[in-house]
Amino acid sequence: MEKRLKNGQHWTDTQGNPIHAHGGCILKIEDRFYWYGEDRRKNYYVSCYSSRDLMNWKFENHILTTESKILKYYDSAQLKNEDGKKINIERPKIIYNEITKKYVMWAHYENGYDYKQAAVAIASCDSPTGDFCYHGCFNPLQNMSRDCTLFIDKNNTPFFVSTAQNNANLNVYSISDDYMSVNKLEKVLFKGEYREAPAFFETRDKLFLLTSKCTGWSPNQGGYAHADNMISRWSEIYDFGDETTYHTQPAFVLTLNTNQGKQYVYIGDRWGGNEWNGVDRNDFVYDNSSYYFSLINIDESNVINLEKCNEFTFDINTSSFRVWNSEK
Ligand code: DGJ
């Protein structure tokens, strides 16, 4: 029987261990997908898995841990507190730098005690699955920076986008050629609208942003907006998915080049997994968090729709993703 992966269930890697890649991102390198995300177990921060079909994931490495090598670029560069307590690394995003030939990770940094530092952490590595080297954390142009993402647009311009002013705004920064620092604040999106979980993707004629509202770990109505490019005028925010985005929050959008054109795959987190009933948003088991992959459909008027998706399959031959809501 054809294998399907069921959304919201606890997925395991090819050795039968739970997959911990929360708030993450997926890179395609040659014929393989590399999935990176938060792993809060033991001394881990970020883990990496690889797959050819988005369903069978091989564990690759705990790429950032409390013991990772530190090569200071910023003054503040500790991977644990004086008392040994872990720091917090959230929503890691990785892009490849053609000039330095390094995979560079940007993530949300907090000190492990509270969410007041609101900074960005940077790490890098020569290989996609190697031990990343930690370079420290900073506040971009002295701004607060929490939920964040990296995006390289079709002109090859990289941007860092993160929530600022206590999550009220989404700041768009251009970044340096080596991807180690921010250059300039290019744009402030949705001022005062308290949006989180930004995830970008680009079609032939529009740049889209998916974003959640700001309700801690509780899922809420997903929103999207579009623009001609990052620094042009953006549309207002429209709803997508249902009032809880099918109990998920966006992490990333994976663009697939199928033999019938592009597909856009929503990579979302179901914080607390299916066990969490959403009654008390602070009372859930983080490690039970699961995932939700589905297709984003876009019509001619640039209206998007996230397909409700019970299970999915992926065809390696055509590189295409398929949603299943029927019984086998
Ligand atoms: C929502 C964010 O999107 C998550 O990454 C996490 O920071 C929680 N807020 C913390 O409340």
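Other residues lying with their Cβ under 10 Å from the Cβ of residue 62 contribute a combined charge of -2, Lys and Arg counting +1, Asp and Glu -1.
Summary of packing: across the peptides 72-79, 195-202, 220-227, the per-residue average of other C-beta atoms within 10 Å ranks them, highest first, as 195-202, 220-227, 72-79. Separation of the stretch 124-171 and the stretch 218-240, taken as the distance between their Cα centroids, equals 19 angstrom.
Solvent exposure of the stretch 177-292 amounts to 45 Å² per residue of accessible area, where only protein heavy atoms count and the probe is 1.4 Å. Under a 5 Å amide H cut-off, with hydrogens placed 1.01 Å from N, residue 119 pairs with 109, 145 among residues at least 5 apart or on other chains. Treating cross-link reach as a plain straight distance, find the lysines whose alpha-carbon is under 29 Å from the alpha-carbon of residue 154, omitting any fewer than eight places away in the same chain. Straight-line reach from residue 154, under 29 Å: 28, 93, 101, 102, 184, 187, 191, 206, 213, 262, 308. Its Cα centre serving as origin, the chain has a Cβ charge dipole (Lys and Arg +1, Asp and Glu -1) of approximately 320 debye.
Inter-label distance, residue 286 to residue 185: 2.9 nm, where each label sits 7 Å from its Cα along the C-beta direction. Expressed as a whole percent, the accessible surface of the stretch 16-107 that belongs to carbon and sulfur atoms is 47, based on a 1.4 Å probe.
Across the chain, the mean sequence separation of Cα contacts (distance under 8 Å, 6 or more residues apart), normalised by length, yields a relative contact order of 14 percent.
Once you have the Kirkwood Rh of the stretch 153-209 from its Cα pairs, apply Stokes-Einstein at 25 °C and 0.890 mPa s and quote D in µm²/s. Using the Kirkwood radius from Cα pairs, D works out to 202 µm²/s. Between the beta carbons of residue 174 and residue 2, assuming R0 = 41 Å, the FRET efficiency works out to 0.35 to the nearest 0.05.
Accessible surface area normalised per residue over the stretch 21-171 is 40 Å², counting heavy atoms of protein chains with a 1.4 Å rolling probe.
On the stretch 146-234, 42 percent of the accessible area sits on carbon and sulfur atoms, based on a 1.4 Å probe. For the stretch 97-219, the Cβ-based charge dipole about the Cα centre amounts to some 340 debye (Lys, Arg positive; Asp, Glu negative; other atoms uncharged).
3J(HN,Hα) along the stretch 300-306: 5, 8, 6, 8, 10, 9, 8 Hz, from the Karplus curve 6.51 cos²θ - 1.76 cosθ + 1.60 with θ = phi - 60°, whole Hz, x for Gly and Pro.
Once the Cα-Cα distance is subtracted from the 0.36 nm per residue extended length, the residue 260 to residue 32 segment shows a gain of 80.1 nm.
Calculate the translational D of the chain in whole µm² s⁻¹ from Stokes-Einstein, where the hydrodynamic radius comes from the Kirkwood formula applied to all Cα pairs, the temperature is 10 °C and the viscosity 1.306 mPa s. D = 80 µm²/s. Shape class for the stretch 128-168, computed from the alpha carbon gyration tensor (a ≥ b ≥ c): oblate, with a/c not under 1.5 and a/b at or below b/c.
A simple rule links phi to the HN-Hα coupling: the Karplus curve 6.51 cos²θ - 1.76 cosθ + 1.60 with θ = phi - 60°, which for the stretch 16-27 gives x, 8, x, 8, 10, 8, 7, x, x, 7, 10, 10 Hz, with x for Gly and Pro.
Rounded to the nearest percent, how much of the accessible area of the stretch 253-324 (1.4 Å probe, protein heavy atoms only) is carbon and sulfur? For the stretch 253-324, the apolar C and S fraction of the accessible surface comes to 39 percent. Extension gain, residue 75-residue 215: 0.36 nm per intervening residue step, less the Cα-Cα distance, totals 47.2 nm. Charge dipole (Cα centre; +1 on Lys/Arg Cβ, -1 on Asp/Glu Cβ; no other charges) of the stretch 5-61 amounts to roughly 160 debye.
Computed from the Cβ-Cβ distance with R0 of 41 Å, the FRET efficiency linking residue 307 to residue 41 stands at 0.85.
The values are calculated or read from the model by the stated rules, or taken from the named source; none is laboratory data. Note that the coordinates shown come from a computational prediction; the quantities given were computed from them, not determined experimentally. Don't worry about glycine lacking a Cβ; one is built from the backbone with ideal geometry, like all the others, and counts go over all protein chains shown. What goes into the accessible areas is simple: the full protein's heavy atoms, side chains included, and nothing from ligands, DNA or RNA. Shrake-Rupley method; radii C 1.70, N 1.55, O 1.52, S 1.80 Å.
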